Every structure is written in structure tokens, then in C-alpha cells.
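Quick notes on the structure that follows.
The values are calculated or read from the model by the stated rules, or taken from the named source; none is laboratory data. Everything numeric in this text was worked out from a predicted model, so none of it was measured. Please note: Cβ atoms are built from the backbone with ideal geometry, for glycine as well, and neighbour counts cover all protein chains shown.
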Amino acid sequence: MLEFEDIQHILLTRTPALTGRYIFVKFGNAESGRAWLRGILRTVRSAAAVDTSKNKSSWVTVAFTWNGLRALGVDEETLSGFPDEFRQGMAARAEVLGDTGPNAPEHWVDGTNRLDLHAIAILFARDAQERGRCEVEHDELLTRCPGVEVISSLELEATPPYHYAHDHFGYRDRLSQPVIEGTEDIPYAGCGGPLKAGEFILGYPDESSQPYPMPDQKLSRNGSYMAYRRLEEHVGKFREFLAEHGETSEEQELIAAKLMGRWRSGAPLTLCPEKDDPELGADLNRANDFNYAKEDPHGYAVPLGSHMRRMNPRDTAVNMNRRRMIRRGATYGPHLPEGQADDGRERGIAAFVICASLIRQFEFAQNVWANDKNFHELGNERDPIIGNNHEGTLEYKIPKRPIRKKIVGLPAFTTVRGGAYFFLPGIEALNYLANLGSTARAAIPETEGASA
Amino acid sequence: MATVLERPKVSKALPPEKVKGRQSAVAIPEGGYFPDKVEQGRFGPIFPRTPLNYGFTIIAKIKPGTQANFYQYARNIEEGVAATPDLLDVLKLHTLKWALFDIKGDTYFMYQGIFDTDFDKYTEDAVNIFSSTGLDTVFENLEGFPEDWKSNPQAFIRFVREHHRPSFLEYAEYSYVTAKEVKSALEVKNGLANVLDNMQL
């Protein structure tokens, strides 16, 4: 039985992310950090509380780096129980993740590579007015917490058209997401059955049927790990590439689809290899209902190295239930209208990958699926969308009879601009952290989540 | 004047693209890595790719009196692969060799594998296969093998790393070729033979 009232809503609920802000903070000292947390806790809701407040228009999540937990005063023994990759942090794991060259942490623009990055407050809001209201509220909180410093913040903004989620390249997003056993969600056809909660939430059995390690019961129960990625999308370069490889708009759409594995509408090439079917793309129960091993073993429809096939190889990989991840996030930066030259401003996706094991789930996907040049024995290829293609010497092969199309020198369409590993505590654990070192337990501010 | 012998710090071997499919040899520095190009994997540095691609040679002492378990394991693997030919597919294997040998009254186990990917990449998948198919007995007969290996792939990987004896020289008659390429070449050859047979009609 999942403890919905103790799990932060972001883990189980996909709230609208039309706008919002990520705020990265540093605690000058433990008490200032705890005061900030006590203040913001009032706005942090559990999965249960979000379910009962459909009329809400803003949603807040709080998470900490390992250094942040230490800054709040968590004892060394507890801290040493966290897994190495979390303790080291994302910047230290750069080579494992493919964050080298222009993707390397020394080029990150938001201070997330700093060792004194302690926490993140995530705000998703339904509109700019609500976002503004929350920002003012947070600014007021900061004035009451001297010693808490905002390292950087990122304003989120959906890109037009607004009636469905998509990135700046135009690819439909939020297409497939694992379903957790014990929730009311029903998996879409082709997505497999619900997965054991322990794959995503600490303190529950996972898919291994083995005992599952948990750093510290009071701190980690109903918690999880979040990998943050700020990924700039080079829209101008992407459009130039399509124009270079496709004479007509139909040909350009096909090239875009071959990189992703889906048409930009979301329709998978497995089900409509020749022509887009936007209606199918919008129908999540049909848009995921396919496999590869028998239907497309050679990649004639979905190239073996395409983003969709790398990020979810379905029946062409084993142990898939131990590699799934929950994705949350939004786009940022201004929309670049079609036909307009790139203005050089940064735009992209700022997303969170939520999983119970960063090394087994997130790092595996980055290291093996996205950046192994020899994935599926392709040789000299990386994920065409999120892989590190900055060397400019990598290829992209599109199987086709009689002879495949081989693109040599695939450009990098994305650059990593920031990233960090966070621990996402449950509501009770947030209260515990907020009052560390305090004897006046009665002074704990009651949260909406805890009272729901 | 005495000659000073310097260990090769930087590989003089021809790069893969120059010798792919042909003969080549690579001398590997002591310790198993080329200091100028150590790639970091999720579980630590990755042993370098050679003309054989990737591989390991694990040598460990067995628990006294467990020899029979190894011979039973051999029969299990034989039956497992016969029943499910792609049982070990995830390991991206070329070959595996298992051997037992004695040193001063103790029995040691050697396990040598040639892979198309470094072993760390798919270790959790391998552990999952071993534990879910009952092919797990042989490692449990090795001294020092972690008892919680099924739930702790990192402990499994640590054991493998600690007992791996890196090569100092590797040679291939056909370098840097994947098992998939070999199998594909044989398919093409057999396919062409079929075409030629059909042309006789």
C-alpha cells in the first residue's frame, strides 16, 4: 500500500507545466536552511493532497543535494549511507554521463556544478500570474531567511501551440511513462504492466524480488532520487539539418521522424512508417502499442540508433523493468517561429528523471543507451537527440533497402547547460529535516500534505 | 652502455579503423590501462578495447570440496543454452572458457570471456539472468564471493574487478569485429549459396 500522504506529488502526479520556475539555493548555515525549508514546506503537497485539490494552479517540490543534506545538519553516519553516485553529484560523474567537451560541467551556466548547491525548489504553475504570486511569496521567505542565497533560477515557458506538450524541435512529449503498482493509473497498451513501487520510491519492494537497500529509514522512506538536466536545443541548427537532408517538407518531416523514431506528431514509425498520422500520435493508447524484435528487427521503420529506440528498446533488451524512469519537466526559453533565423538565445528542456537508483536507471540510460557508440553494434553513433555528438565525427545510419542512408558528421542538436543529483524526501522526512537540531518538535509547521 | 627499457605508456598499435578485420596485436601496460586514455564507466575505469574488443580473465580460489558443483554447472549451462540459444545474448559474447587448475594443493577457477562491450555496461542484466535462470551456483563456490550479490550488483562487480587479471598482450586474426558482424557475414554467405543453388534450376 503506497503512502500517498507522505510522497511528494511530483513522483506520482503529472501537473500542468505551462510555466514555472526552478530555484537553486545555497544555505549559508544549517539554521537558515532549516528556516527556509520550514517556510516552503507549507506549500509542498503530497500525492494525496494534490489528488484532492484539482482547482490548484501551482505545485511546489523541494529536493536536496547530498551537500545540502549535510548543510542542513544530517549526521555523518546517515550521510555515508547514501549511494556513491549521489554523494559525488552529477558534475563529478560527467564522464560516465557523456558530459564532456561542450557538455562538460565547467561550461554549465546555472551554477549547478557548484559544491555549495544545496537545494532546489520546483514550481510549476498554470499561468504567469500564479507564477508571479508564488515568486513574490518566495522572495518574502528569502528575506526572512538571511543566509539562504539563490544561486540561479530558470523560468519555464511552454512553447506554442499550447494544447499539447512538445519540445522546441516540435516533437510531442509525455508519450510514454511507467505506471506504478498501487496507483490508479492504467498503463497504455504496449507499455507493459504496472511496475513495483520500489523502482521509483524508496521503502517498497522493487522488480528484483530481492531485499532493497535504503540509506536511512526516517529520511528516505517515501523518497526518491532526481537527476536534473538542463538541455539546450539548437533549433536553428536542427532546422538547417532537416533542410540539408530533405528537399520537400515531407522529406524533412521524415528525417526528423527517423532521428526520433516518431513523427513530430508522436505517431511511431513502427505503426506508420511512410506517412504521418497525427490522430494516432495523439492517441496514447495506440501510439505505444508496438514492439521491435519481430516487427522491425533491422530498423527499416525505426532506426536502431533513434532516440526512441535507445531510450526504450522494449523487447530488444532484457531486464527492462529495472531500467524505467519517471520524467517530469518543462521547456524554457523563447519559441523560435518556423522560418526565423536562430536568434542565439538559449532555449531547451529542463527535466527531471526520477528513479530509485541513479546508477542502475538514469546513469545506465545515459552511459549505455544514449552515449555508447556501439549500442546495437552500430559503431560510431550516439543518440541523435541527447547523445554527446559534439565531436562532429559521429554517424547516423537510416536502414533502407537496397542501401542504407548514412549521415556522416551528425551535428550536436543539444548541449547540456546544467545538471545535478537531488534527493526527494517524503513529507515526514522534510519535516524531520526542517526541525533537525530543534528540541521544539511541536513547532513543526503543519503542511497541507500531512493534514490531508 | 646499459639499455633503459621503457614501458609503453602510449599505445603504438594501429587504431581500429586501420586494422578492422585484419591481423593486429596490442601490448598493454602493466595494470591493464593506457594512462592517456582511461574511460570512466559507471563502476570505475573501463579496461581498454583491444583487437578482441573487450574481455576479462577472472582467477579465484574455489571453496575446498566444491569441485563437483563446477561440473554440474557445466551441464546446467549446456542444457540451458541448448534449450534457449539466446540465453546469454545480453552479454554480447564471442566466447567463454571455464577451467579449474591446482596450485600447491588449492584449486583455482579461471573464467575467461571475450565480449563486444565492456562487462560493466550490462552487469546488472547479467546478474539478473544468472539469478533468474538458476545459473548462479558456480560463483557462489568461489572464496570471497559476496553472499548478497543478487541484490548488490556493485559487490558482484567489485569481486569481478578484484579477481580480473588484465592481459598484457592481445592478438586477433580478425581485429575489432563484432559477433554480430561475424554472424551476419555467415548469413550473407549462406544466403548467397542458396541463391546460387536456385540459379541451377
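Observations on the model:
- The combined condition, being more than 22 Å from A:PRO213 (Cβ to Cβ) and among the charged types (D, E, K, R), is not fulfilled by B:GLU124.
- Looking across region B:80-116, the residues that are more than 21 Å from B:GLU162 (Cβ to Cβ) and within 14 Å of another protein chain (Cβ to nearest Cβ) come down to B:THR84, B:ASP86, B:LEU87, B:LEU88, B:ASP89, B:VAL90, B:LYS92, B:LEU93, B:HIS94, B:ASP116.
- Taking first residues from region A:197-223 that are closer than 18 Å to A:GLU181 by Cβ and within 14 Å of chain B (Cβ to nearest Cβ) and partners that are buried (at least 24 other Cβ atoms within 10 Å of the Cβ) and charged (D, E, K, R), the Cβ contacts under 7 Å between residues at least 6 apart in sequence or on separate chains come to A:ASP206/A:GLU199; A:GLU207/A:GLU199.
- The residues of region B:64-104 that are β-branched (Val, Ile, Thr) and within 27 Å of B:GLU173 (Cβ to Cβ), listed by number, are B:ILE77, B:VAL81, B:VAL90, B:THR95.
- When A:LEU271, A:LEU259 are checked against the criterion of being modelled with pLDDT of 95 or more and under 16 Å from A:PHE413 (Cα atoms), A:LEU259 stands alone in meeting it.
- Elements of type helices (runs of 4 or more DSSP H) in region A:51-167, at least 1 residues being closer than 18 Å to A:ASN29 by Cα: A:66-72, A:76-80, A:128-144
- Criterion applied to A:GLU253, A:GLU244 was being modelled with pLDDT of 95 or more, in a helix (DSSP H, G or I) and buried (at least 18 other Cβ atoms within 10 Å of the Cβ), and the one residue passing it is A:GLU253.
- Residues in region B:142-178 that are of a type in the set (Phe, Trp, Tyr), over 18 Å from B:LEU52 (Cβ atoms) and within 14 Å of another protein chain (Cβ to nearest Cβ): B:TRP149, B:PHE156.
- Test result for B:VAL127, buried (at least 16 other Cβ atoms within 10 Å of the Cβ), among the β-branched types (Val, Ile, Thr), within 11 Å of another protein chain (Cβ to nearest Cβ) and touching a Gly at 6+ places or on another chain (Cβ under 7 Å): no
- A Cβ distance below 6 Å, combined with a sequence gap of six or more or placement on separate chains, defines the contacts here; from region A:272-283, residues that are closer than 15 Å to A:HIS163 by Cβ reach residues that are at pLDDT 95 or above and in a loop (DSSP other than H, G, I, E, B) in the pairs A:PRO278/A:SER265; A:GLY281/A:SER265; A:GLY281/A:GLY266; A:GLY281/A:ALA267.
- The one condition from (1) buried (at least 22 other Cβ atoms within 10 Å of the Cβ); (2) more than 14 Å from chain B (Cβ to nearest Cβ); (3) over 21 Å from A:PRO178 (Cα atoms) that A:GLY266 does not meet is (3).
Residues are listed down the side, and each one gets a yes or a no for (1) part of a helix (DSSP H, G or I); (2) of a type outside the set (A, V, I, L, M):
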site: A:GLU5; (1), (2): yes, yes
site: A:ILE10; (1), (2): yes, no
site: A:ARG14; (1), (2): no, yes
site: A:ARG21; (1), (2): no, yes
site: A:VAL25; (1), (2): no, no
site: A:ARG34; (1), (2): yes, yes
site: A:GLY39; (1), (2): yes, yes
site: A:ALA49; (1), (2): yes, no
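- Leading residue by the ranking (farthest from A:LEU97 (Cα to Cα)) among those in region B:33-43 that are surrounded by fewer than 18 Cβ atoms within 10 Å (Cβ to Cβ) and either touching a His at 6+ places or on another chain (Cβ under 9 Å) or at the interface with chain A (Cβ under 10 Å from one of its Cβ atoms) (or both): B:VAL38
- Matching option when the condition is modelled with pLDDT under 95, charged (D, E, K, R) and surrounded by 15 or more Cβ atoms within 10 Å (Cβ to Cβ), among A:ARG309, A:ARG347, A:ARG322: A:ARG322
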